[in-house]
Structure formats: C-alpha cells, structure tokens
Amino acid sequence: MREITFAVIGSGFMGSLLSRAASELPYTRFVAASDLEVERAKRLATRYGGQAYGSYEEMLSNHRPDAVLIATPEFDHLAPSLCAANAGCHIFLEKPIATTLQDAVQIIEASNRAGIKLMLGHILRFEASYALIHSAIREGSIGKLLSMYARRITSINEAKRLNGRVTPLTYIGVHDIDQMLWYHPVPAKSVYARALYGRVSELLGTYDSAWVMIEFEDGALGIHEVGWCLPESWARWSKPSSWGGFGDVRMNVIGTHGNLSLDFTPMNLFGVGMEGWMLPDTRHWPLVHDRLAGAVKLEVEHFFSCISEDKQPLVRGEDGLRVLEIVLAAEKSIVDHSIVEIELFKA
Ligand SMILES: NC(=O)c1ccc[n+]([C@@H]2O[C@H](COP(=O)([O-])OP(=O)(O)OC[C@H]3O[C@@H](n4cnc5c(N)ncnc54)[C@H](O)[C@@H]3O)[C@@H](O)[C@H]2O)c1
C-alpha cells in the first residue's frame, strides 16, 4: 500500500488522539502539526517525528501532505478546511461540521470543487453496537421504525474543560442525532427542544442538559436527552490512570416488530476502589498494550482506506449538514419555545 502523509490542525485533546490513531497505522506518515499554541503542536511533532507550526497555512504550503486531520474548536472549522481543500489535501474534520449552515455549505462546496475526500468525525458510526443496530434496522428485523431514544450525559468535568465555548447539543448531541438520521433515513420534519439550567449554567453560561424531539415526515420520533451535568465524581479517579471515564449513555429503538437497546453506562467493565466506583471507556478510545483501540482507531483507519482505495467515506459532508440543521433548530427551539420546521433535504 502506498504511503499516505498527513498533518494535524489543532493539537488539543482530539487532535492528539487522532494523530496517535493515524500514526499507529502501518502505511501513514505524520509530517507536521499546527496549533495556535505552538507548544501543543511541538508535543505531537516530538512524539511522532515531524515539524511543529503556529500557522496551518505555512504548514500546508511547506509540506503539502496527502491528508489533514482538523480538530480545531467547533466555531473554527471553516478557514482550516478551506485552506486544506485549496491545498488539495483530503480532510478528516472533527464534528460538528461547523456551527453555521453557511460555513458547512462552504466546506462541502470547497471539498467538491477540489475533488478531495471530506469525512466527518461522527465516531458512533464506528462503534460496533451502534453499527449493529443500524444493520438490524436495515434488514427489517424490527419492522417499521416508530421511535428512537438516545441519552448522552457526561460529567460536568467535560463542560468545565470546554469553558462555555460550546453547548451540549453542538458538542455531544451531534453524535446521537447523526445516529438517528442514519438509522432512519426519512427527512426530518420538525424539532422541539427544552433545556434545563443548573450548576453548569451558573458556572459557564451554557444549559446543563436538554430534551430534543425530532419528528420525521413519516411520523416516527427521535428523542435525545443530552447534557454534561453529572457530578465531578462521576468520572474522576487517579488510578488506574489508563482508565478514562465516560458518561450515562443509552440508545433504544422501537419498531412495529421489535426493540433494539444499548446501554453504555457501564460499558463492559466496572470496578470499585478506594476512590469509589469506576465505569471506564472500553470502546471509544481505550489504550490496549499502549496502542489506541476502539472506534477512534476504526474511523481513522476508514478515512485512510477511503484515500488509498478511492472510496467515498461513510460519513460525508452532507451528513454533517443534516445533523447541524437539527442541532441549530433545537437551539432555536430552546430559545423561543417554538416548533422549528426543517427546511433542507425535504422529501
Ligand atoms: N469525536 C469525538 O468524540 C470528539 C471528542 C472531543 C472533541 N471533538 C471535536 O474535536 C474538535 C476539537 O475539540 P477538542 O476537545 O480537541 O478541543 P481542544 O480545545 O482540546 O483543542 C483544540 C485545539 O485547537 C487549537 N486551535 C484553535 N484555533 C486554531 C487554529 N486556527 N489553528 C490551529 N489550531 C487552533 C487550540 O489552541 C487547541 O489546542 C471540536 O470540533 C470538538 O467538538 C470530538
């Protein structure tokens, strides 16, 4: 397989994970990382053997990598994506595609014009259990789909880390909404949402959690309960340091002839020690024998295999745009208590 060179824009939490997952593939070569805080880029460059930059423009023009992994904050996806597309690089862009529909459309149009692959980091598509629900629905095993309920509540530590830069729906709701649109590829008709305000709102200004109801054209419903209001102690232990915490996470799909149900709250491992109960992430990005495993590895592998085999990625720009329209409709509904009609992608 031919070698694929890649660079990273945004060397924070997710940029570091993606770089590691990509560097551990046998046919890729890390060439450079960039970050406004250049020390972060230097950490990756030192670890994976490339160069560090404060400016992604300079990095792309110096290295011309085959691919870029973009993990800048949610509101700053447009400029790096346009720059990468113009440089002819294939793009793996973290979710959400953008925070406005205009930015999302520009990103999709630029990547189409450049003829490059654009894949979004909708990681749940690469979680075995979520993907198995998808295949069961496709095979008709639960008959006609009637409703979907997804819960994703993380600890307040995640909200504190992001320091009010984004809302729970824009940050984590994207994942479950993408699943629902994937499970039920019927146009969404309207969205209604309400938010709850507690400690997160007092500390950081974003709501703590929200309930979102999506009505589809055929009458099916998607309900999403999303937030980051679990107490600090939910996912905080010092040992074992290799165990990362997660959240209270479910998916339940009901059809005329069956029911599919997933509970990731304890994934498949829990423990108790002097610091209390521990419910570690064993699926999204666990470290196994000092290598990243789980869905992050599979999604990054998929992205690079799409480049080498010239295939369309499983998660395309349009998928991100669809999800973003629902997220923005829900945020609007939270503010004005209205039922918001979905305009794009009507039947
Ligand atoms: N798929 C997932 O499960 C998942 C998990 C966490 C975050 N994310 C997404 O990943 C993206 C990054 O989130 P994060 O948690 O890693 O944030 P982060 O704050 O940890 O990292 C973002 C980094 O980007 C840098 N940056 C900002 N503007 C830049 C620019 N113009 N050029 C270069 N660097 C710039 C910041 O200095 C920071 O180091 C977001 O879109 C987020 O929603 C996805």
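The values are calculated or read from the model by the stated rules, or taken from the named source; none is laboratory data. All values derive from a computational prediction rather than experimental measurement. Every residue, glycine among them, receives a Cβ derived from its backbone with ideal geometry; neighbour counts consider all protein chains shown. Please note that ligands, DNA and RNA were not included when accessible areas were found on the heavy atoms of the full protein model with its side chains. Shrake-Rupley method; radii C 1.70, N 1.55, O 1.52, S 1.80 Å.
Quick notes on this one:
- Of the helices (runs of 4 or more DSSP H) that lie entirely inside the range 128-245, those containing 1 or more residues that are more than 16 Å from the ligand (Cβ to nearest atom) and out of contact with any Lys or Arg (no Cβ under 8 Å at 6 or more places or on another chain) span 128-138, 174-183, 199-204.
- Count - residues of the range 302-318 that are of a type outside the set (A, V, I, L, M, F, W, C), open to solvent by less than 60 Å² (accessible area, probe 1.4 Å) and part of a helix (DSSP H, G or I): 4
- Looking only at residues in the range 11-32 that are open to solvent by less than 10 Å² (accessible area, probe 1.4 Å) and near the ligand (Cβ under 9 Å from one of its atoms), the one that is nearest to Asp310 (Cα to Cα) is Leu18.
- Residues of the range 101-130 that turn out to be open to solvent by less than 20 Å² (accessible area, probe 1.4 Å) and either among the acidic types (Asp, Glu) or at positive phi (or both), as a count: 1
- Residues (in contact with a strand residue (DSSP E or B) (Cβ under 9 Å, 6 or more places away or on another chain) and within 12 Å of the ligand (Cβ to nearest atom)) located in the range 80-118: Pro80, Ser81, Cys83, Ala84, Phe92, Leu93, Glu94, Lys95, Pro96, Ile97
Residue by residue, here is whether (1) out of contact with any His (no Cβ under 6 Å at 6 or more places or on another chain); (2) under 26 Å from Val68 (Cβ atoms); (3) open to solvent by 60 Å² or more (accessible area, probe 1.4 Å) holds:
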| position | (1), (2), (3) |
| --- | --- |
| Met267 | yes, no, no |
| Thr282 | yes, no, no |
| Val288 | yes, no, yes |
| Ala293 | yes, yes, no |
| Gly320 | yes, yes, no |
| Glu325 | yes, yes, no |
| Ala330 | yes, no, no |
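- Matching residues in the range 33-47 - criterion: being among the polar types (S, T, N, Q) and either more than 8 Å from the ligand (Cβ to nearest atom) or under 17 Å from Val300 (Cβ atoms) (or both): Thr46
Results for (1) crowded, with 23+ Cβ neighbours inside 10 Å; (2) not small (Gly, Ala, Ser), shown as yes or no for each residue.
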site	(1), (2)
Ser147	no, no
Arg165	no, yes
Met180	yes, yes
Pro185	no, yes
Ala193	yes, no
